[in-house]
Structure formats: C-alpha cells, structure tokens
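Everything on this sheet refers to the single structure shown next.
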Amino acid sequence: METQQTARDRERAARFTVVYRREQPRLLAFVHRRTGERGTAEEVTAETFRIAWEHTLGGGELSPGWLFVTARNLLRNHHRAAARLGELHRRVADELGRAPAGPADSAVLDALERLPGRHREVLLLTYWDGLGAAEAGAVLGCTAPAVWVRLHRARRAFRDLHTAPEESA
C-alpha cells in the first residue's frame with residue numbers, strides 16, 4: 001500500500017514535469033537572450049529548475065512568473081560573478097604592471113589554473129572575494145600573519161607562471 005507521502009511526492013513530480021516541459025524552452029530562450037552564450041544559458045536554466053525542484057519538494061507551487069524571477073536572480077548573480085572576475089583580472093594585471101586582460105587574453109586564468117591549489121585559494125580569497133587577512137585566515141584555518149606569508153608566496157608563484165612561456169602540448 002502506497003503511503004500518503006509517496007503519493008504526494010509522485011503528484012509533485014508529475015506537476016513539476018508538466019511545468020518543466022512547458023516552460024524550459026521559454027526559460028532557456030529568456031536566459032540566452034540575456035547572456036548571449038548558449039552554455040551559460042543552459043547552466044542558468046538548469047540551476048533554475050534545480051531550485052524549482054527543491055521548491056516543489058518543499059510544498060511550493062511553481063508558476064512561470066516564479067521561474068522567470070528565479071532565473072533573473074540567477075542571472076544577476078552570474079553578472080556579478082563575471083564583473084568580479086574582470087576586476088580580479090584588472091587587479092592582478094595592475095599588480096604585475098601589465099595591461100588588463102581582455103576577453104581574448106586568458107593568460108591570467110591560465111596561470112591561476114596552473115597554480116597549486118593552496119596558492120590559488122589564497123589569491124582568490126584575497127582578490128576575488130575581497131577578504132582581508134583575518135577573514136581569509138578564518139577560511140583557511142590559519143592566522144592573519146600566515147595569510148600574508150601564503151599570499152606573498154602565491155603572488156610569486158603566480159608571477160613566475162604568468163611571465164613564463166607556456167609549454168606546448
């Protein structure tokens with residue numbers, strides 16, 4: 001015998017599926033028009049429906065308006081993150097005395113990607129997230145002076161990778 005909870009979950013899943021099939025193409029187009037990038041639009045749309053599923057499981061009702069507001073909020077987060085990344089590029093480039101990286105110049109990202117995790121983490125906490133030494137220390141589980149030492153080492157490692165010629169594969 002099926003429990004009431006299982007029956008409610010099946011009903012919610014069925015309603016969610018109907019809404020998903022009806023609204024996913026419209027929502028994807030909405031997000032794509034605002035990002036101009038198909039991959040980003042697909043990611044934001046998928047995240048919107050992930051949040052919608054949690055909302056449904058919590059007993060909430062879905063409507064097109066709810067979905068579009070949620071997608072719009074996720075787009076704002078995406079644009080803020082992109083702006084922070086641009087600011088990170090500018091700050092790192094300024095510190096190294098180089099011209100800011102443009103969309104075609106991925107040298108900063110490539111160097112960050114090649115850094116060991118411990119160096120990348122302290123750089124991102126400081127430059128991307130804007131944390132001070134004490135705050136970064138709380139995240140990393142160390143003291144503020146230790147953060148300054150780690151940051152010094154990370155900057156040096158970044159500078160070495162950023163200025164070194166890339167190895168060809």
Exercise. If we keep just the residues of segment 1-58 that are among the acidic types (Asp, Glu) and not in a helix (DSSP H, G or I), which is modelled with the highest pLDDT?
Worked result: 37
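Each row is one residue, and each column tells you yes or no for (1) among the polar types (S, T, N, Q); (2) open to solvent by 50 Å² or more (accessible area, probe 1.4 Å); (3) at pLDDT below 85; (4) more than 22 Å from residue 85 (Cβ to Cβ).
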position: 104; (1), (2), (3), (4): no, yes, yes, no
position: 113; (1), (2), (3), (4): no, yes, yes, no
position: 139; (1), (2), (3), (4): no, yes, yes, no
position: 163; (1), (2), (3), (4): yes, yes, yes, no
position: 169; (1), (2), (3), (4): no, yes, yes, yes
For this session: With the condition kept exactly as written, say whether any residue in segment 86-100 is of a type in the set (Val, Ile, Thr) and closer than 26 Å to residue 27 by Cα.
Result: no
Exercise. Among 88, 67, which is the only one that is of a type in the set (A, V, I, L, M, F, W, C), in a helix (DSSP H, G or I) and at pLDDT 90 or above?
Worked result: 67
For this session: Can you confirm whether segment 77-85 contains a residue that is at pLDDT 90 or above, surrounded by 16 or more Cβ atoms within 10 Å (Cβ to Cβ) and either in contact with a helix residue (DSSP H, G or I) (Cβ under 8 Å, 6 or more places away or on another chain) or part of a helix (DSSP H, G or I) (or both)?
Result: no
Problem set entry | Members of segment 10-35 found to be open to solvent by 60 Å² or more (accessible area, probe 1.4 Å) and closer than 18 Å to residue 75 by Cβ, listed by number | 25, 26, 32, 33, 34
Exercise. Any idea how many residues of segment 47-63 are within 16 Å of the chain's Cα centre (by Cα) and surrounded by 13 or more Cβ atoms within 10 Å (Cβ to Cβ)?
Worked result: 3
Problem set entry | Meets criteria (touching a helix residue (DSSP H, G or I) at 6+ places or on another chain (Cβ under 9 Å) and at pLDDT 85 or above) for residue 98 | no
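The values are calculated or read from the model by the stated rules, or taken from the named source; none is laboratory data. Values in this document were obtained by computation on a predicted structure and should not be read as measured data. Cβ sites come from the backbone with ideal geometry, for glycine too, and all protein chains shown count toward neighbours. Only protein heavy atoms, including side chains, enter the accessible area calculation; ligands, DNA and RNA are left aside. Shrake-Rupley method; radii C 1.70, N 1.55, O 1.52, S 1.80 Å.
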